[in-house]
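Any read-out appearing in this document is the output of simple, stated calculations on the displayed coordinates, not a laboratory observation. These numbers come from a predicted model, not from an experiment. In this analysis, Cβ positions are derived from the backbone assuming ideal geometry, glycine residues included, and neighbour counts consider all displayed protein chains.
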Amino acid sequence: MSDIHPREVLICTIARLLDGVRHVAVGASSPIPAAGAMLLRALKERQDARPVRISILGSLEHNFFTNGSAELFDCAGQGRIDAFFLGGGQIDGRGNVNLVGVGDYPQTSVRWPGSFGAAYLYFVVPRVILFREEHTSRVFVDKVDFISAPGASDEGVYRPGGPYALLTGKGLFSFDKSRPGFTLESTHPGFGLADILESTEFAFEHGEHPATTALPDTATLELLRGRVLDELEETYPEFAAELRRATAR
Amino acid sequence: MSDIHPREVLICTIARLLDGVRHVAVGASSPIPAAGAMLLRALKERQDARPVRISILGSLEHNFFTNGSAELFDCAGQGRIDAFFLGGGQIDGRGNVNLVGVGDYPQTSVRWPGSFGAAYLYFVVPRVILFREEHTSRVFVDKVDFISAPGASDEGVYRPGGPYALLTGKGLFSFDKSRPGFTLESTHPGFGLADILESTEFAFEHGEHPATTALPDTATLELLRGRVLDELEETYPEFAAELRRATAR
Amino acid sequence: MSGLRALAKHIEPGMRIALPVDYAGVSMAMTRPMIEHGAGDLHLVCVPTGGLQVDQLIGSGLVRMVETSAVTLGEAGGAPRFNKAVKDGAIELRDATCPAIHAGLMAAQKGSPFMPMRGLIGTDVLRYRDDWRVIDNPFEPTGDPIVLIPAIKPDVAVFHAPMADRNGNVWIGRRRELAAMAYASKTTLVTVERIVEESLLRDEITAAGVLPALYVSEIAVAPKGAWPYGLWGEYPTDTAEIMRYAAAARTDEGFANYMRRSQPESAS
Amino acid sequence: MSGLRALAKHIEPGMRIALPVDYAGVSMAMTRPMIEHGAGDLHLVCVPTGGLQVDQLIGSGLVRMVETSAVTLGEAGGAPRFNKAVKDGAIELRDATCPAIHAGLMAAQKGSPFMPMRGLIGTDVLRYRDDWRVIDNPFEPTGDPIVLIPAIKPDVAVFHAPMADRNGNVWIGRRRELAAMAYASKTTLVTVERIVEESLLRDEITAAGVLPALYVSEIAVAPKGAWPYGLWGEYPTDTAEIMRYAAAARTDEGFANYMRRSQPESAS
């Protein structure tokens, strides 16, 4: 088999972060989170463990919902969604996420699409995985310009959910809601602490020599390159084909 | 044609009370209100006037709803239902309706089914027609034992709807919400003011010589005995057959 | 797929059980298994009214509280065991009005603690509900009282539907109160007329009427499982049988005899 | 049945217009008739997000305010006319979050002045919405802040669906946000792929996916009426065309050229 592709590291890390969930929802245009969820489902099936349910928004094939676009939020409010993914144009060290824009609201100089469901789902889904492949100080800022959803809430605020981890193209962080803040858990192959410090504006905790992100074993990799990419193809044909090409060498 | 049947008077009176509505909802087991609504619809069709929509609860044929049993109430809340019918184990002179029971709640000595949707619909449907064929002082009491729904509300209470008329087997009353109270408008053939006074516990306004309830003309009666009974048969076969027998002599 | 007895085992003493209205798909097939299972002290939530099943569960002594907008046998008249239990003070009552039951379930569906509702002000329905609240609508500068209905979160919902597929998706058609019950409930037990082989979600036409497996805990097949109630598009109500019950259940002995003798057609 | 122009005439300057999300049935066929009709100063409500249609209406100068959870062209990137209008301060924004839009429509559906909603506390979404309120949940003895979303009552809802029958019933399948929009709106304008002869309510299987005629003001036939968006069960999204738009609409001239030249397939 060829070397492990950086995106395969991300997909396998996501599968690990999702371990134990019964139902994970994946937003539209999120091939890596979708692949991670599909990998976990395949692994659980192989172990004959409790099955994992995946809802992929905007996919007909993986759309279990029959009550319109409100159902995802209802379902989350009922506690039936264990994990979800959030990105962000900006993410700061308190876990605040900005999906709206750069500069002074409302007349932001850069405008992103908007907050979507983040201002709700971040509060009620227990295991929200922040995922952003681009790891630059433009994204990981000291303080977001607009809080689409806060990483932590004051005491007394209904908040069963929140950030669980932050996964980027360079490393993996855990979130401590008591501070609140991030701790660097590991760096991906090819990156070290210095790379992370340089490309992260916000402060975070870290050991002196952070571990390298765990890599998948051969069996897991085979599952990913076989069944999971086949499944993924349905919803993300271009992404699946590209990853196939990149790992076929 | 045979003489006008007392129930035909009721049906024709209901059609008259409904004049001008776009959408009337009829509860389950209410053949006379349903027939009145169907008669109005037929009359409007004959005049080429704006069509009348009828929703009959519990009927598959006349069920326009596709969102479960909540839809009727949503529809009323949206202002899309112009008229509805309410009965009552007890009805008092302030238009209060009791659908729960006789005696001290909760351990009532006589228990009726319950308030159904009355505690909502009476508030939001503009033209609620109180209809109870049995006209006795047992039904038309001075003060109901339990207010399932009040005839009038204090100022400041959201109350676009309320009672419009009270139709019984003996007469027709209008409702004045400023007092609040009923006024006898007419008595049906065979009944006079004395009959009404004797069988009504609550006080009501009335002229010295109340009119007789208007009777349908021949054309209306033909429409009722023909097309309307045909339509009614689908939902209320026994009622339709009985009325047909009674008017066929 | 499971058997009716396996379904009944989900019900524990003291639980809050949601049951649908007459015409929406009552799982009458589950009534006897529930009675035989014997978990009592139940808090029934009728969505939004109750009938034969509620009356039989009350008559069998399993019910502590009934939360409902009405209990009736329809054309067959009042519900005799319910009426007697009320008169005897044998059950607690939470008299409601249909849209308030729907509002409570909707609050649970939305993960909200309550839903506001118009109407109700000045009724004795509201007066006797100390679990409801009245606030002033904060969007109106002058006083505008409005009732808040707290979320109704049943432990178990039980209903009957025409069909389910092998993945556990249940076809409920336009009886969306069944979905509302399932969304709001921790556990949902469903009996169906039949299991179909093709996925009900695969075809958009059938998918429109599906309660997804995500909300369904267990399914059992029970042909004519709503009998003597009807099931839309399947079979009509057996009014004569309900009349027979109504007459029999007027007395304790008559009720006991009826429950001993009369069995659903499919089981006889 | 009516023509597209007749539908557009329902729209008057200053109205609040509800439009569905990309994948739920956008009536792209109505975009040009709306622009030609010219009623401006519109307040768009995206249910719950907007895309191509919203961008084109903004680009055509018809929009005063956008109430939305997002505006995006999906894979084709940001919505260029929207982004420019935001930068120029040419439109007012009511940034929301998806379930808040749904909550506002649900309040209108229920005839309630507001709906409560979890989340939102501490967000800038809430901070900039002075039309929302925060109260203490009256069911909790200790402080428990919760947001109330006021009813959203659009003047007009516009969407596209696969089919309607001669009675005006529209089949929306499981895209129930379309029903929510119609329930909440005074006027509902629908374009469909085709008219079917049999009643959609007659058969319980199709009835489950029907928006009843009661909520539908006018219907026009527009084959491929969602193009370049797709329509579930009918045709896929024409991503290349949306990409073409995204590239063209980066400049004022490019947008004007695109709108002049590019026409829906069915009209070309």
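Tabulated data
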| quantity | calculated |
| --- | --- |
| Alpha-carbon Rg/Rh ratio, for region A:6-247, with Rh computed the Kirkwood way | 0.95 |
| Relative exposure of B:H209, B:H62, judged by other C-beta atoms within 10 Å (fewest first) | B:H209, B:H62 |
| Charged-residue dipole, Cβ positions (Lys, Arg, Asp, Glu), chain A about Cα centre, Debye nearest 20 | 380 debye |
| Around D:G3: net Lys/Arg minus Asp/Glu count, Cβ-Cβ under 15 Å | +1 |
| Largest to smallest principal axis extent of the C-alpha atoms in region D:103-241, angstrom | 58, 39, 26 |
| Cβ-based net charge around D:N169, under 11 Å, with every Lys or Arg adding one and every Asp or Glu removing one | 0 |
| Once exposed loop GluC sites (Glu not before Pro) are cut out (DSSP; at most 15 other Cβ, 10 Å), longest piece of chain C | C:1-196 |
| FRET efficiency estimate (nearest 0.05) - Cβ-Cβ, B:D195 to D:I195, R0 60 angstrom | 0.60 |
| Directionally averaged shadow of region B:137-249, computed from the convex hull of its alpha-carbon atoms, nm² | 10.1 nm² |
| Charge sum, other residues only, whose C-beta stays under 11 Å from B:R53's C-beta, Lys/Arg counted +1 and Asp/Glu -1 | +4 |
| Label geometry 7 Å along the beta-carbon vector: C:V134 inter-copy distances in nm | 2.9 |
| Inter-copy spacing of A:A248 label points, which lie 7 Å from Cα along Cα→Cβ, given in nm from shortest upward | 8.1 |
| The protein assembly as shown - Rg and Dmax from Cα coordinates, angstrom | 30.5, 104 |
| Eligible aspartates and glutamates near B:K44 by straight Cα distance, threshold 12 Å, same-chain separation 8 or greater | B:D19 |
| Sequence-distant lysines (8 or more away, or on other chains) whose Cα lies within less than 24 Å of B:K143 | B:K170, B:K177, C:K87 |
| Separation between Cα centres of region A:3-32 and region D:53-125, rounded to whole Å | 30 Å |
| Size of electric dipole in the protein assembly as shown: Cβ of Lys, Arg +1 and of Asp, Glu -1, about Cα centre, debye, nearest 20 | 340 debye |
| FRET efficiency, A:R227 to C:A247 (Cβ-Cβ, R0 60 Å, nearest 0.05) | 0.45 |
| For region A:1-134, convex hull volume per residue from C-alpha positions, Å³ | 141 Å³ |
| Whichever aspartates and glutamates have a C-alpha closer than 19 Å to that of D:K224, once near sequence neighbours (fewer than 8 apart) are set aside | C:E204, D:D22, D:D165, D:E193, D:E234, D:D238, D:E241, D:E265 |
| Normalised alpha carbon radius of gyration of chain D [divisor 2.2 N^0.38 Å] | 1.02 |
| Distance (nanometres) between label positions extended 7 Å along Cα→Cβ at B:E234 and C:D144 | 4.0 nm |
| Cleavage-rule hits, trypsin sites (Lys or Arg not before Pro), region C:101-152, DSSP coil, Cβ neighbours within 10 Å at most 12 | none |
| Inter-copy spacing of B:S137 label points, which lie 7 Å from Cα along Cα→Cβ, given in nm from shortest upward | 9.3 |
| Volume of the Cα convex hull of region D:82-129, divided per residue and given in Å³ | 98 Å³ |
| Restricting region A:115-165 to trypsin sites (Lys or Arg not before Pro) in coil, as DSSP defines it, with at most 12 other Cβ within 10 Å | A:R138 |
| Innermost chain D residue relative to the axis carrying D onto C, by Cβ distance in angstrom | D:A208, 2 |
| Residue order, fewest to most beta carbons within 10 Å, for C:M163, D:M65, D:M34, C:M1 | C:M1, D:M65, C:M163, D:M34 |
| Loop sites in region A:99-191: GluC sites (Glu not before Pro), DSSP, at most 15 other Cβ within 10 Å | A:E133, A:E134, A:E155 |
| Exposure proxy order (Cβ contacts within 10 Å, fewest to most) of B:F64, D:F114 | B:F64, D:F114 |
| Nearest residue to the symmetry axis between A and B, taken on chain A by its Cβ, in whole Å | A:N67, 5 |
